[in-house]
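Read-outs throughout are calculated quantities, based only on the coordinates presented, and are distinct from any laboratory measurement. Since this is a predicted model, take the numbers as computed values, not measurements. Cβ coordinates were reconstructed from backbone atoms using ideal geometry, including for glycine residues, and neighbour counts include every protein chain displayed.
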Amino acid sequence: MKLTVLAFGAHPDDTELGCSGTLAALTSQGYEAGVIDLTRGEMGSRGSTELRKKEAEAAAKIIGLKVRENLGLPDTELVNSRENQLPIIKMLRKYKPDICLLPPLVDRHPDHGDAARLIKDAIFYSGLVKIETKSKNGTIQEPHRPGQVLHYMIDTHFEPDFVFDISDTIYIKEKAIHAFSSQFDVKDPGDEPQTHVSDPAFFEMLRARAKQFGHKGGFEYGEPFLISEKPFAAKSLDFLISS
Ligand SMILES: [Zn+2]
């Protein structure tokens, strides 16, 4: 299966926070999009891995994703090793995306930057023919690199290279975030700790931030992106920027 856009997250829910408005807008226009979660989020303070798996599947349906896979890499230990790069390379060669959306290189949670560096290196090595990988049925995979690599925003602010118009999909984004009911906008924390992101104030901040960046881009709501400093081919972003 070939995907136009493949988004990666360190934890299930990273892509919902950073780029689900963009993904929903693209899927509604007929583009094929998928998400790869690197870890099961087993070190999270709230919820269980089983619950977050169900939440991730529900969010994928809301966004209209064709694919959502979890690589089961160790949460809080995203070491940039060949062992951890290989399952990412397999996903890149399997889905052959034109564009990859990655977590930010610098963020409050160290896993987000670790994930971004790990995936960026995997994207480079995915283009090397001598790094051999096999698909599940045993056939050797072809090398593949996406034409463009972008970083989305999760928590720490950055000055974006461009803002994607999510005015029509902000409510889909918020519904997808609400699918992770163990993690966000938790009004009654129960027996588990309230966290930086579970506090309803964080959810309110997300809406305000979408409004702020939307205003910057001339839209009602927007999602900010940084273009990776080394795009691998001259794949045009026009369809993203002008839509
Ligand atoms: Zn995260």
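Defining a contact as two alpha carbons under 8 Å apart and six or more residues distant in sequence, what relative contact order in percent does segment 5-241 show? Mind showing how you got there, number by number?
Values: 465 pairs, mean separation 56.2, N = 237.
With pairs under 8 Å counted, the relative contact order is 24 percent.
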(request) Name the residue farthest towards the positive end of the dipole of segment 5-241 from the options Ile36, Ile140, Asn84, assuming +1 on Cβ of Lys and Arg, -1 on Cβ of Asp and Glu, about the Cα centre. (result) Ile140
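Give, rounded to the nearest 20 debye, the magnitude of the charge dipole that the chain has about its Cα centre when Lys and Arg contribute +1 at Cβ and Asp and Glu contribute -1 at Cβ.
On the way: 30 positive and 36 negative charges, 208 e Å.
With only Lys, Arg, Asp and Glu charged at Cβ, the dipole is about 1000 debye.
Placing +1 at every Lys and Arg Cβ and -1 at every Asp and Glu Cβ, with all other atoms neutral, what dipole size does segment 73-179 have around its Cα centre, in debye to the nearest 20?
Details: 14 positive and 16 negative charges, 143 e Å.
Roughly 680 debye for segment 73-179.
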(message) Could you tell me the extents of segment 5-241's C-alpha atoms along the three principal axes, largest first, rounded to whole Å?
(response) 52, 42, 30
(message) Taking 0.36 nm per residue of sequence separation and subtracting the Cα-Cα distance, how much length would be gained by fully extending the chain between Leu71 and Phe124, in nm to one decimal?
(response) 17.2 nm
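Okay, helix-only estimate at 222 nm for the chain: each DSSP H run of n ≥ 4 adds -39500 (n - 2.57), divide by all residues, round to 500 deg cm²/dmol; what do you get?
Details: 7 runs with 92 residues, N = 243.
One gets -12000 deg cm²/dmol as the mean residue ellipticity at 222 nm.
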(request) Any aspartates and glutamates with Cα under 19 Å of the Lys53 Cα? List them, leaving off those in the same chain fewer than 8 positions away. (result) Asp13, Asp14, Glu16, Asp37, Glu42, Glu69, Asp75, Asp111, Glu174, Asp185, Glu192
